[in-house]
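Here is the structure we will look at.
The values are calculated or read from the model by the stated rules, or taken from the named source; none is laboratory data. Nothing here was measured: the structure is a model prediction, and the numbers come from that model. Cβ sites come from the backbone with ideal geometry, for glycine too, and all protein chains shown count toward neighbours. All accessible areas refer to the heavy atoms of the entire protein, side chains included, with ligands and DNA or RNA removed. Shrake-Rupley method; radii C 1.70, N 1.55, O 1.52, S 1.80 Å.
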Amino acid sequence: MRSIFRGRKRRKSEQTAKVEDTATRVSSSLQENIDTIKEKLCHSQDLVFRSIEFNGQKGVLVFIEALTDQSQVQKSIIKPLVKVREGKLEEVIIATYLQQTESFDKIIEHLVRGDSILLFSRSEQAFIVGTDATEKRNMAEPDNETVVRGAHDGLVENIRVNLYNIRHRIQNPNLTVKFFRVGTETQSKLVMLYMRNLAHPDLVKEVEKRIKAIRTDTIISPGFMTEFMEDRPASPFPQVLYTERPDRVVSNLMEGRVVMLGEGDPTAVVLPVTLFAFYQTPDDYHSRWMIGSFVRFVRLMSFLIAFLLPSLYIAIVEFHPEVLHISLIYSMKSSIEHVPFPAIIEALLMELTIELIREAGIRLPSRVGQTIGIVGGLVIGDAVVRAGLVSNTMLIVVALTAISSFVVPSHEMSTAIRVLRFPQMLAAFSFGFFGIVVGMVIIFMHLVKLESFGTPYLAPFAPLRVKDMKDTFIRLPIWKLNQRPHDPHPQRMKQEEPSRGWKDDEDN
């Protein structure tokens, strides 16, 4: 009995496999194909079937209403088929994309992308017609990367628009575009861009290998993807650069870096990067070199202020008041003598308050968010000082720290500094200046070991390359920047020799 039962199960599984094999191929029965499409798409009610006739054969046009450009369907498919009843379908359909297939899996894949399908009776071939809709928005300047001078457009959620925006700036046949599908369930479209004559082949191969190695159901945004690709996911420091500015994308491509774009997200991912790339903005190159250098140096100093100022205050109050001038000691003593908490509790209380205000300002509507900032900065700050919970000096320290963290152009780097500030404050409270030094040494060791796709994170500072210092801490004049940065290992280091032609003519 068991063997008979097993034989029946085996025959049943073989029959099921045969049914599945036939279901994955287009049938000669039109109704059977329609039923298969309905079943595979769970009888979705936005699935549209339009009866047609061509070459004396009955057929059906299938598309998903929410994803398809219906004006394009009317213009490219329905009108030509109504006007011309006979002939070759390839000559009648005027769509830019037309492909034949026998696979139902491919049919379903293109339907959910927004394409249309043509099926005919007594035919085991289906025709895929490109009719996907593209919802566009204005290419406005990103709110988190505004500049005083320069281009005021930004990337959008549509890959085609973004590629146009980039190709419009780089009219060069060496700009290479590669498409990928990532996510077994979502099948998210991903684009990799690089300059074939500049980007190192090993870097391109490594990025391709990591993209193809991603195994997950869903990729919603580039942030999902980069966590699968980073060298050190446990590091608090970002190892790729996020930007929504096409001019910034172009400048990184011309340095030999690789850029990735995702469908449905206006963010471009630039790799490899170094620590100093997060403190550079387009404004540095749109102003005079001395002004740009000064502003960049201020940004780099803001990194130290945002990271060290609260811990220095705690260490001085708890361990090392002798480093201050006697008059300043009396001023600070009068400010903190009525505060019932140690300096670490003051700092944690105010830092957490600042974080709450920051998050509230982001989540609330813009008009209400501004009100929250005023209330948090004036009312709460004044109230906690009057109540004796926080000293005036601590309030100044926290305010300077918050302002310094806002100066960082990259949100990811700003977040990393905010997170690392808390263990540094605890080290200062426990061991004073010694704890601060130990914490900084640990972080510096981590930064020295950290890499972004094979590029040292502290380049060109470690390893030291003096030639690359021209555009790191300061920015020298553009005509002095005659070499590309070494960190992405471009194929051509030397740029076309920048020169001031009018000056050379006068010298001659």
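Between LEU271, LEU275, the distinction of being under 30 Å from MET445 (Cβ atoms) and within 13 Å of the chain's Cα centre (by Cα) belongs to LEU271 only.
Candidates in segment 370-394 are the residues that are part of a loop (DSSP other than H, G, I, E, B) and hydrophobic (A, V, I, L, M, F, W, C); of these, the one that is modelled with the lowest pLDDT is ALA387. Inside segment 281-314, can you point out the residues that are charged (D, E, K, R) and in contact (Cβ under 8 Å) with a residue 24 or more places away in the chain? Scanning segment 281-314 gives ASP283, ASP284, ARG296, ARG299. Looking only at residues in segment 40-55 that are under 16 Å from GLU109 (Cβ atoms) and modelled with pLDDT of 85 or more, the one that is nearest to the chain's Cα centre (by Cα) is LEU41. Considering each residue of segment 484-494 in turn, at least one proves to be closer than 24 Å to GLN239 by Cβ, charged (D, E, K, R), at pLDDT 80 or above and outside any strand (DSSP E or B).
For (1) hydroxyl-bearing (Ser, Thr, Tyr); (2) within 22 Å of GLN280 (Cβ to Cβ); (3) part of a loop (DSSP other than H, G, I, E, B), each residue gets a yes or a no:
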site	(1), (2), (3)
VAL204	no, no, no
ILE211	no, no, no
THR218	yes, no, yes
PHE224	no, no, no
PHE228	no, no, no
SER235	yes, yes, yes
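Residues in segment 238-264 that are open to solvent by less than 30 Å² (accessible area, probe 1.4 Å) and outside any helix (DSSP H, G or I): 13 in all. Among the residues of segment 315-323, is there at least one that is without any contact (Cβ under 8 Å) to a residue 12 or more places away in the chain and farther than 14 Å from THR393 by Cβ? Checked segment 315-323: at least one residue is without any contact (Cβ under 8 Å) to a residue 12 or more places away in the chain and farther than 14 Å from THR393 by Cβ. Among the candidates GLN125, GLN187, the residue that is under 22 Å from the mean Cα position of the chain (by Cα), within 30 Å of SER28 (Cα to Cα) and touching a residue at least 24 places away in the same chain (Cβ under 8 Å) is uniquely GLN187.
For VAL323, the criteria (1) exposed (fewer than 14 other Cβ atoms within 10 Å of the Cβ); (2) under 42 Å from the mean Cα position of the chain (by Cα); (3) β-branched (Val, Ile, Thr) hold in every case but one, which is (2). For segment 205-220, a tally of residues being surrounded by 16 or more Cβ atoms within 10 Å (Cβ to Cβ) and at pLDDT below 85 returns 1. So which residues in segment 390-430 are buried (at least 20 other Cβ atoms within 10 Å of the Cβ) and among the aromatic types (Phe, Trp, Tyr)? Residue satisfying the conditions is PHE429 alone. Filtered by the rule that a residue be in a helix (DSSP H, G or I) and loosely packed, with under 14 Cβ neighbours inside 10 Å, segment 332-355 gives LYS333, SER334, LEU352, GLU355.
Mind listing whichever residues of segment 266-276 are β-branched (Val, Ile, Thr) and either out of contact with any Pro (no Cβ under 8 Å at 6 or more places or on another chain) or surrounded by 20 or more Cβ atoms within 10 Å (Cβ to Cβ) (or both)? Listed by number, the residues that qualify are VAL269, VAL270, VAL273, THR274. Could you grab me the full set of residues in segment 57-72 that are assigned to a loop (DSSP other than H, G, I, E, B) and touching a Lys or Arg at 6+ places or on another chain (Cβ under 8 Å)? Of everything in segment 57-72, just one residue is assigned to a loop (DSSP other than H, G, I, E, B) and touching a Lys or Arg at 6+ places or on another chain (Cβ under 8 Å), namely LEU67.
Applying the condition of being touching a helix residue (DSSP H, G or I) at 6+ places or on another chain (Cβ under 9 Å) and among the charged types (D, E, K, R) to segment 204-229 and asking which residue is farthest from HIS411 (Cα to Cα) yields ARG215.
How many residues are open to solvent by less than 20 Å² (accessible area, probe 1.4 Å) and touching a Leu at 6+ places or on another chain (Cβ under 8 Å) when one looks only at segment 277-292? Going through segment 277-292 one residue at a time, the tally reaches 3.
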